Amino acid sequence: MGKEFLNLMDSDEVKKIIDSLNMERKIERINLSDAYQRVLAEDVHALIDLPPFNRASMDGYAVQAQDTFGASEDNPIILNLIEKIRAGDSPLKEVQKGTCSEVGTGAPLPAGADAVVMVEVTDIQKDKVEIMEAVAPGTNRALQGSDIEKGQLLMGKGTLLTAAKIGALSAVGLKEIPVFAKPIVAIISTGNELIKPEEELKHGKLYDINSESISNAVKSCGCTPLASTIVKDDYDSIKNKIDSYKDADVIITSGGTSAGAGDILRQVVEDMGKILVHGISVKPGKPTLIGTLPDEGGNVVLFGLPGYPVSALMIFHGFVAPFLRGIAGVNEFMEKKESRSLKLDRRYHSARGRSHFVLVKIEGNIAHPILKDSGAITALAEADGYFEVPKNVEIMEEGEEVKVQFLSGL
């Protein structure tokens, strides 16, 4: 169990391996009330015309436009008022020559009317309405189906459902919609030294950080984390816990990935499935492991992250998060808002030969590198994002622009 890394790979090579891990997206139908920030799994077509009837787009009077020709303040046209129609009413009378109906915004237009005169250019005396401005046919009127006709494509597969888009779906009377199911991600922290926050902190023990940080990072990728657990660093405990999560889509462990004799995750995965990656030429996070475990429905993907919280989170954001967002169907939306070009506030030195993830604090358009090692917990409290230094770069100068990835998500 003390073997060296199977093969130390460049980060680009690892990303290609991750991209090749095809997983079928599952589909479920949910209530529209639960659809916020979910992704449509099928095209949605309008069930009705919008608007569903001819309606007024202004408060005023529904008229036959030709009755208003020649109207002005000095020479108003007088029409007989035959009905008052509010939004939600159904007109009872037809507008004929010489008559009009009072209408509110959104109210159905009565038969015979082909325009609406705004209330601001009218005056009413009992049942007589003075029209002081002419209107053309179609003025202040929205025809049935002018927004969208029944059967037309309303929203395409892959649409991220924002508040506005859910409003559009509500407008055509949809109650349930097909969306991509949120992938289930099991999270396991390994280590004999780890305890839960409610336990007494005895000498030699540490509170588990990765369970909470990785669980919430998983949520930010549009996935659902299973209740995270702590497992002792022995073969049977790790194997049994992984076995119990084989129904998950993805398993993420932290700890137990380096080549030391006390770290046995590599052996467990090797015995249960196939190791694809064990060791990445990146800092921090060199002892990362990626494997697949056979299951009835296909392969479960396992990401073995390093135990140090900073290393675990860096590898998660650099390698795991894009994969999770992809299988959740939210990748293209996240990519649009998850990064920003900022300037370094100081010169930064990097070790040549390995890619380097650097945590930063962001102030305005400036990125401040956080110069702490991967075991420094306070680095997580200070960090707003990170940037990657290519493996062939040793120095980045003060004022140089870097692409900062935010430590945030959906």
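The values are calculated or read from the model by the stated rules, or taken from the named source; none is laboratory data. On a predicted model such as this, the values are computed, not experimentally measured, just so you know. With ideal geometry, Cβ positions are generated from the backbone for all residues, glycine too; neighbour counts draw on all protein chains shown. For accessibility, only protein heavy atoms count, side chains too; no ligands or nucleic acids. Shrake-Rupley method; radii C 1.70, N 1.55, O 1.52, S 1.80 Å.
Go through (1) over 30 Å from A248 (Cβ atoms); (2) assigned to a loop (DSSP other than H, G, I, E, B); (3) open to solvent by 50 Å² or more (accessible area, probe 1.4 Å) and name the single condition N192 misses.
Going through (1) over 30 Å from A248 (Cβ atoms); (2) assigned to a loop (DSSP other than H, G, I, E, B); (3) open to solvent by 50 Å² or more (accessible area, probe 1.4 Å) one by one, N192 breaks only (1).
So which residues in region 78-90 are open to solvent by less than 20 Å² (accessible area, probe 1.4 Å) and closer than 30 Å to K150 by Cα?
Passing the criteria: only I85.
What are the residues in region 328-346 that are modelled with pLDDT of 90 or more and open to solvent by 20 Å² or more (accessible area, probe 1.4 Å), if any?
S341, K343, D345, R346, listed by residue number.
Based on this model, can you work out whether H317 counts as in contact with a helix residue (DSSP H, G or I) (Cβ under 8 Å, 6 or more places away or on another chain), modelled with pLDDT under 95, open to solvent by 20 Å² or more (accessible area, probe 1.4 Å) and not hydroxyl-bearing (S, T, Y)? Steps first, please.
On the way: in contact with a helix residue (DSSP H, G or I) (Cβ under 8 Å, 6 or more places away or on another chain): yes; modelled with pLDDT under 95: yes; open to solvent by 20 Å² or more (accessible area, probe 1.4 Å): yes; not hydroxyl-bearing (S, T, Y): yes.
Judged against the criteria, H317 is a match.
Step by step: first the residues of region 261-284, then only those that are more than 23 Å from D10 (Cα to Cα) and among the aliphatic types (A, V, I, L, M), then the one that is modelled with the lowest pLDDT. Which residue is that?
Here the residue is A261.
Within region 356-367, can one find any residue that is out of contact with any Lys or Arg (no Cβ under 9 Å at 6 or more places or on another chain) and at pLDDT below 85?
Within region 356-367, not a single residue is out of contact with any Lys or Arg (no Cβ under 9 Å at 6 or more places or on another chain) and at pLDDT below 85.
Regarding I252, is this residue surrounded by 21 or more Cβ atoms within 10 Å (Cβ to Cβ), out of contact with any Lys or Arg (no Cβ under 9 Å at 6 or more places or on another chain) and assigned to a strand (DSSP E or B)?
Numbers: surrounded by 21 or more Cβ atoms within 10 Å (Cβ to Cβ): yes; out of contact with any Lys or Arg (no Cβ under 9 Å at 6 or more places or on another chain): yes; assigned to a strand (DSSP E or B): yes.
Here the answer is yes, as I252 does meet what is asked.
Look at region 184-195 and say how many of its residues are at pLDDT below 95, under 20 Å from Y245 (Cα atoms) and not β-branched (V, I, T).
Summing the residues that are at pLDDT below 95, under 20 Å from Y245 (Cα atoms) and not β-branched (V, I, T) in region 184-195 gives 2.
How do the pairs read when you match residues in region 17-37 that are closer than 18 Å to D249 by Cβ with residues anywhere that are small (G, A, S) and at pLDDT below 95, using Cβ under 6 Å and keeping only pairs 6 or more apart or on different chains?
These pairs meet every condition: K26/A181; I27/A41; E28/A181.
Return the residue satisfying two criteria in turn: it lies in region 106-135 and is in contact with an Asp or Glu (Cβ under 9 Å, 6 or more places away or on another chain) and among the small types (G, A, S), and of such residues it is nearest to P52 (Cα to Cα).
Per the stated criteria, the residue is A107.
Residue by residue, here is whether (1) buried (at least 19 other Cβ atoms within 10 Å of the Cβ); (2) under 24 Å from the mean Cα position of the chain (by Cα); (3) in contact (Cβ under 8 Å) with a residue 60 or more places away in the chain holds:
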position: A351; (1), (2), (3): no, no, yes
position: V358; (1), (2), (3): yes, no, no
position: A367; (1), (2), (3): yes, no, no
position: D384; (1), (2), (3): no, yes, no
position: I395; (1), (2), (3): no, no, no
position: E401; (1), (2), (3): no, no, yes
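Which residue out of I148, I131 is surrounded by 15 or more Cβ atoms within 10 Å (Cβ to Cβ) and at pLDDT 95 or above?
Details: I148 fails: at pLDDT 95 or above.
Unique residue meeting the criteria: I131.
Could you pull out the residue among G307, G318, G291 that is of a type outside the set (V, I, T), in a loop (DSSP other than H, G, I, E, B) and within 26 Å of V250 (Cα to Cα)? Break it down into steps so the answer makes sense when it comes.
Working: G318 fails: in a loop (DSSP other than H, G, I, E, B); G291 fails: in a loop (DSSP other than H, G, I, E, B).
Exactly one residue qualifies, and that residue is G307.
Is it true that some residue in region 242-249 is among the acidic types (D, E), in contact (Cβ under 8 Å) with a residue 60 or more places away in the chain, touching a strand residue (DSSP E or B) at 6+ places or on another chain (Cβ under 7 Å) and crowded, with 20+ Cβ neighbours inside 10 Å? Write out each step before concluding.
Keep residues of region 242-249 that are among the acidic types (D, E), which gives 243, 247, 249.
Cutting the leftovers down to in contact (Cβ under 8 Å) with a residue 60 or more places away in the chain gives us 247, 249.
Remaining after also requiring touching a strand residue (DSSP E or B) at 6+ places or on another chain (Cβ under 7 Å): 249.
This time we only want the ones that are crowded, with 20+ Cβ neighbours inside 10 Å, so: 249.
Yes - at least one qualifying residue is present in region 242-249.
Quick one: count up the residues across region 143-185 that are touching a residue at least 60 places away in the same chain (Cβ under 8 Å) and either outside any strand (DSSP E or B) or of a type in the set (K, R) (or both).
Step one: filter region 143-185 for residues touching a residue at least 60 places away in the same chain (Cβ under 8 Å), giving 143-163, 166, 169-185.
Narrowing further to those that are either outside any strand (DSSP E or B) or of a type in the set (K, R) (or both): 143-147, 149-152, 156-159, 161-163, 166, 169-175, 181-183.
Total satisfying the criteria: 27.
Among the residues of region 19-28 satisfying the criterion of being open to solvent by 60 Å² or more (accessible area, probe 1.4 Å), assigned to a loop (DSSP other than H, G, I, E, B) and not hydroxyl-bearing (S, T, Y), which is farthest from T162 (Cα to Cα)?
Start the filter on region 19-28 by keeping residues that are open to solvent by 60 Å² or more (accessible area, probe 1.4 Å), which leaves 19-20, 22, 24-28.
Adding the requirement that they be assigned to a loop (DSSP other than H, G, I, E, B) leaves 20, 22, 24-26.
Still in the running and not hydroxyl-bearing (S, T, Y): 22, 24-26.
Numbers: N22: 27, E24: 24, R25: 20, K26: 21 Å.
Selected residue: N22.
E102 passes all but one of (1) assigned to a loop (DSSP other than H, G, I, E, B); (2) within 50 Å of the chain's Cα centre (by Cα); (3) of a type outside the set (K, R); which number fails?
Condition (1) is where E102 drops out.
Taking the condition of being surrounded by fewer than 16 Cβ atoms within 10 Å (Cβ to Cβ) and in contact with a Phe, Trp or Tyr (Cβ under 6 Å, 6 or more places away or on another chain), how many residues in region 29-77 meet it?
Qualifying residue count for the region: 0.
Exactly one of these conditions fails for N140: (1) modelled with pLDDT of 95 or more; (2) within 39 Å of the chain's Cα centre (by Cα); (3) closer than 30 Å to L32 by Cα; (4) of a type outside the set (G, A, S). Give me its number.
(3)
Would you tally the residues in region 214-236 being hydroxyl-bearing (S, T, Y), open to solvent by 40 Å² or more (accessible area, probe 1.4 Å) and without any contact (Cβ under 8 Å) to a residue 40 or more places away in the chain?
1
Among the residues of region 108-119, is there at least one that is assigned to a loop (DSSP other than H, G, I, E, B), charged (D, E, K, R) and surrounded by fewer than 17 Cβ atoms within 10 Å (Cβ to Cβ)?
Initially, region 108-119 is screened for residues assigned to a loop (DSSP other than H, G, I, E, B), giving 109-114.
Still in the running and charged (D, E, K, R): 114.
Applying the additional criterion that residues be surrounded by fewer than 17 Cβ atoms within 10 Å (Cβ to Cβ) yields none.
Scanning region 108-119 turns up no residue that is assigned to a loop (DSSP other than H, G, I, E, B), charged (D, E, K, R) and surrounded by fewer than 17 Cβ atoms within 10 Å (Cβ to Cβ).
Among the listed residues K93, K16, which satisfies the condition of being open to solvent by 80 Å² or more (accessible area, probe 1.4 Å), at pLDDT 95 or above and within 22 Å of D123 (Cα to Cα)? Let's see the steps before the verdict.
Details: K16 fails: within 22 Å of D123 (Cα to Cα).
From the options K93, K16, the qualifying one is K93.
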